[in-house]
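Below is one structure, written out as structure tokens; comments come after it.
The values are calculated or read from the model by the stated rules, or taken from the named source; none is laboratory data. Because the structure is a prediction, the values reported are computed rather than measured. Using ideal geometry, Cβ is built from the backbone for each residue, glycine included, and neighbour counts are taken over all protein chains shown. The protein model used for the area step is the full one, side chains on, heavy atoms only, and it has no ligands, DNA or RNA in it. Shrake-Rupley method; radii C 1.70, N 1.55, O 1.52, S 1.80 Å.
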Amino acid sequence: MAHSTAPVSAEHLIAIEEEWGAHNYHPLDIVVERASGAWVYDADGRRYLDCLSAYSALNQGHCHPRILAALKEQAERVTLTSRAFRNDQLPLFCQELAALCRMQMVLPMNTGAEAVETAIKAARRWGYTKKSIAPDQAEIIVCSNNFHGRTTTIVGFSSEPGYREGFGPFTPGFVTIPFGDAAALEAAITPNTAAFLFEPIQCEAGILIPPAGYLRAVAEICKKHNVLLMADEIQTGLGRTGAMFACWREDVQPDVFILGKALSGGFYPVSAVVSSREVLGVFAPGTHGSTYGGNPLACAVARTAVQVVQDERLAERATELGAWLLAELRATLHHAAIQEIRGCGLLIAIDLHQPARTYCEKLMQLGVLCKETHSHVIRLAPPLVISKEDLEWACTQLRAVFA
Ligand SMILES: *Cc1c(COP(=O)(O)O)cnc(C)c1O
């Protein structure tokens, strides 16, 4: 079929997608045509405030001009070398990201799930070579309600039936404990435990915030038992929770940071495992890789995306705006359907007694884009560059929906 340049109506585009695209998502029926900062626009010129930020991939806002300029500049020079050759962006990306994370080494990948897989491989190999775990006996402890991505290995240790059903058989070697329970971690550790893989806040599970002191407690337990503490900060990292990394809210330095999403500010899939020489040193040439991982376009984009988080003090903005938004919602949003409003930085949950989908649909009609998470939770996670005025406007729309 020839490509036509005539505009296609939103309705028609939705029908085409339904027919030709696999139905592994249930999107709200807004067809985004362009976006800028915290706002997205449909073909009819209607604007919507983005309160999802592509699951926190857009902390820097849509189409950030500095990241866009870096992308264009790099795209015109060289985009892909593969790791068969070196490029002039990868070294600086690794150096700058390691410094930001107060770590020693970086292993770049593309998607978040690939970075989690990389961390799992690193932990296992570390367990065999540095902790003398017997071959094929390494265990990794994970938490119930986790979300670490969609590969077969990762969904194999999910506790969410919808992520798993029909996709087995699964990879062995994972042990599940309740989230937020440090004693359960200590009880689950055996001589074969290589790592504890966790999210400092469980976002996809409905923004579940562990009790104060949990991060410090699990860090101490891991240290005591020579178990790697692997923090999946793909969604919580790079400013979202009001600190550069959510672990740092309790002054915890994990052994491994897993990063993605906002690492590229929404322009391009870039993920990374950031750790010590002891851990990432387990990879020798040929033991792991990715054709696009560490490509110069990705590295140029990510270097600028990280710089923007720092230069625009996005973590500080998340602290200030998040505290205001949480207090405002708690003070002014009252409805029998609301069970709890909780949050950390600009990551806020309106937890309902009933499914959140209809509320998200109503909010969309009023120009606010949210997506339900875990069916009963409305997640508010706007770009961290959002203005206070725009947040005030979002609150007005939320009050209207719950009026
Ligand atoms: C999104 C996410 C992932 C997976 O990232 P993808 O880029 O979608 O593969 C893993 N862990 C957490 C905590 C996430 O939020």
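Here is how the numbers come out for the structure above:
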read-out: Residue that is in contact with a strand residue (DSSP E or B) (Cβ under 8 Å, 6 or more places away or on another chain) and away from the ligand (no atom under 16 Å from the Cβ), where the choices are 86, 124; value: 124
read-out: Qualifying residues in region 176-202 (those that are among the hydrophobic types (A, V, I, L, M, F, W, C) and closer than 30 Å to residue 370 by Cβ) - the one most open to solvent (accessible area, probe 1.4 Å); value: 179
read-out: Close pairs from region 91-105: first surrounded by 12 or more Cβ atoms within 10 Å (Cβ to Cβ), partner modelled with pLDDT of 95 or more and aromatic (Phe, Trp, Tyr), Cβ under 8 Å, at least 6 apart; value: 101/245; 101/257; 103/257
read-out: Output for region 187-217, where each listed residue is more than 16 Å from the ligand (Cβ to nearest atom) and farther than 15 Å from residue 133 by Cβ; value: 187, 188, 211, 212, 213, 214, 216, 217
read-out: Among the candidates 286, 242, residue that is touching a Ser or Thr at 6+ places or on another chain (Cβ under 7 Å), on the phi > 0 side of the Ramachandran plot, of a type outside the set (A, V, I, L, M) and more than 16 Å from the ligand (Cβ to nearest atom); value: 242
read-out: Matching residues in region 30-61 - criterion: being assigned to a loop (DSSP other than H, G, I, E, B) and without any contact (Cβ under 8 Å) to a residue 24 or more places away in the chain; value: 31, 45
read-out: Matching residues, region 31-58, being touching a Lys or Arg at 6+ places or on another chain (Cβ under 6 Å) and within 16 Å of the ligand (Cβ to nearest atom); value: 52, 56, 57
read-out: Condition met for residue 379 (open to solvent by 40 Å² or more (accessible area, probe 1.4 Å), in contact (Cβ under 8 Å) with a residue 12 or more places away in the chain and out of contact with any His (no Cβ under 6 Å at 6 or more places or on another chain)); value: no
read-out: Some residue of region 73-90 being free of Cβ contacts under 8 Å to residues at least 60 places away in the same chain and part of a helix (DSSP H, G or I); value: no
read-out: Check on residue 172, under 25 Å from residue 238 (Cβ atoms) and either open to solvent by less than 50 Å² (accessible area, probe 1.4 Å) or not aliphatic (A, V, I, L, M) (or both); value: no
read-out: Sole exception among (1) within 15 Å of the ligand (Cβ to nearest atom); (2) open to solvent by 10 Å² or more (accessible area, probe 1.4 Å); (3) assigned to a helix (DSSP H, G or I); (4) of a type outside the set (Ser, Thr, Tyr) for residue 247, by number; value: (2)
read-out: Inter-residue pairs, beta-carbon under 6 Å, first surrounded by fewer than 14 Cβ atoms within 10 Å (Cβ to Cβ) and in region 203-230, second of a type in the set (A, V, I, L, M, F, W, C) and part of a helix (DSSP H, G or I), 6+ apart; value: none
read-out: Selection from region 365-389 of residues that are under 21 Å from residue 41 (Cα atoms), in a loop (DSSP other than H, G, I, E, B) and among the polar types (S, T, N, Q); value: 387
read-out: Considering residues of region 259-283 that are more than 14 Å from residue 233 (Cβ to Cβ) and more than 16 Å from the ligand (Cβ to nearest atom) only, the residue surrounded by the most Cβ atoms within 10 Å (Cβ to Cβ); value: 279
